[in-house]
1. Tell me, which residue of segment 195-218 that is among the charged types (D, E, K, R) and under 30 Å from A39 (Cβ atoms) is surrounded by the fewest Cβ atoms within 10 Å (Cβ to Cβ)?
2. Could you please find all residues in segment 425-441 being under 23 Å from E500 (Cβ atoms) and either surrounded by fewer than 23 Cβ atoms within 10 Å (Cβ to Cβ) or among the aliphatic types (A, V, I, L, M) (or both)?
3. Determine, yes or no, whether D445 is on the phi < 0 side of the Ramachandran plot and either part of a loop (DSSP other than H, G, I, E, B) or assigned by TED's automatic domain parsing to the domain that holds W531 (or both).
4. Does segment 98-114 include one or more residues that are in the same structural domain as L42 (by TED's automatic domain parsing) and under 21 Å from the mean Cα position of the chain (by Cα)?
5. Exactly one condition in (1) in contact with a strand residue (DSSP E or B) (Cβ under 9 Å, 6 or more places away or on another chain); (2) among the hydrophobic types (A, V, I, L, M, F, W, C); (3) not assigned by TED's automatic domain parsing to the domain that holds P43 is not met by L164; state its number.
6. Do we have D127 as surrounded by fewer than 21 Cβ atoms within 10 Å (Cβ to Cβ) and in a helix (DSSP H, G or I) here?
7. Of everything in segment 151-184, what is free of Cβ contacts under 8 Å to residues at least 12 places away in the same chain and either closer than 14 Å to A135 by Cβ or within 26 Å of the chain's Cα centre (by Cα) (or both)? Give them in sequence order.
8. Does segment 282-298 contain at least one residue that is at positive phi and either free of Cβ contacts under 8 Å to residues at least 40 places away in the same chain or within 12 Å of the chain's Cα centre (by Cα) (or both)?
Amino acid sequence: MSAGLTRTGRRLALGLADSLVTMPLLRWTWRGQADHAFAGDLPDFRPADREAVREMMQGRYLLASKLFETGGASPFSLDVDHPDWWNNLHSFSWLRHFRDCRDPGERLFARTLVLDWIGREGQFEADSWTLTLTAQRVLNWLRHLTLLLDGATPEQTRTIQRSLGAQVQSLRVRGTLAADPVETLFAAIGLLGAELCDIGDVPEIDPYVARLDAVLARQLDGEGLHLSRNPKLQLALLVELASLRRALGRHGSPVAAELANRIDRMHEALDALTLSSGEPVYFNGCGQLPHDVLVAVQANGPGATRRSRLLGGYGVLRAGETVVIADCGLPPPPGLDGEAHAGALAFEFAHGNELIVGSCGPAPSDLVSGRELFRQGIAHSAPTLDDEDMTARSGRAGAPIPPMTLDTAEHMLAMTSAGYAPRFGAEIERRLTLLADGTTLVGQDRILARGAPRGQLAIRFHLGPGIAVRRAGSEGMARLVLPNGTVWSFLWEGAQFHEEDSVRQSAYLGFHRTRQLVLEAAAEAGREVAWIFTLEQP
């Protein structure tokens, strides 16, 4: 309780301090220090799409997989109730599409949008000047500053440079006052990027590298996974960090080696949580990610290390063309748990390019009413009792990972959750085993008595999009016909079987209507339910 009160008090104090430094009466003091000159010196490895440029010039803005038409008006004038689209717009990540433009009209259009933002949002606004958005915007402007200033008048150049300086100074003043650790991290990333591009004086890169490395060290586990356990955030960080690492290589900073090593581990962690279908698992706030950006980021890593492993509360099984990734339910520490989902004992399963079993995913950002629904255990391929979520363990930093063991020789993963013990007098143990070079997945779910077990055990398998379920008579088997035509058999014993509707949220196509397989049984001491997915040979 006291630790919680301390955290609350600290957040209130930091929030008050931030409110003070952003008051108009004091804001001029840090804006007045913003006269710096920057050069566009940051590499951008993300792919560009010339068609996106043409669409934007026609008033069609497809951002975060959501299309809005402006009818010729400024996109910054729209009142849009879609947080992902709005954040993408104000971060200027779309500037990369103008990177290879040679037409003066297209370059003028990009510069006009930047100047329009400065005219509308150049004075501090809480929503558009969050530390994360400000850092991303600064980095994107710096990546394409040459493009923005090419053909600009002296006054336009001064306006853009002054705005950049003001935003960088806001990161410097407010970064240490952030109550959100992720905001602190993005501020440190933005400041290093700005220092790498500062031509006003001799850059002092090493202190910024050291500070960023220290902040990263506090927010990553020993294997490079962000403590939020969210692959989406992992990718967003790597987009910026991989760019900075390239730029640091040109400066020869002697203190950058540790930071580079940490970034390598982050690449490996993201790769480990990516299924053979090319999608990172839908756990803890991660849904569908832009595949082209994901591939570009992974290409900047140290190379894939395809192996079975345990990683930050996740277990990864790899055999042949099959990847299974399971979540033991480790809660992120306070302050990094804003996107945490109730995915204890859940798994996702892909063979080749096809997702076979997954999760429903996070609710789309504009579906506020569905946010909590999609975070529940029933939205994951996991066992539950009476359709309730498991009670979260302590999320304090350094809390022990719920029991999870990996036998690499047998391709077997075992995990146990005690989250139901207080209410239902039972723990649930799950074992997952890959056989026959990944063409068979065997699962066992067992009730361990911790009192008098009660409740109804339900084991859900949310199928991938496009999978059709076929049953013949009353036999204890269902056939799953995948979109590529392959057929998997699903067999079970120790429970009753039925099908239900399900969905999988796609950032590109919205909701995919899918099916889920459900096994049900009374939660009794020693109750064991076995199930198998096996590929039928042609």
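The values are calculated or read from the model by the stated rules, or taken from the named source; none is laboratory data. Fair warning: this is a prediction, and the values are worked out from it, not measured in the lab. So basically every Cβ, Gly included, is an ideal-geometry build from the backbone, and we count neighbours across all protein chains shown.
1. D201
2. Let us first name the residues in segment 425-441 that are under 23 Å from E500 (Cβ atoms), namely 428, 430, 432, 441.
Correct list: I428, L432, L441.
3. Spelling it out, D445 is indeed on the phi < 0 side of the Ramachandran plot and either part of a loop (DSSP other than H, G, I, E, B) or assigned by TED's automatic domain parsing to the domain that holds W531 (or both).
4. No: zero hits.
5. (3)
6. When the stated conditions are applied, D127 does not pass them.
7. T176
8. yes
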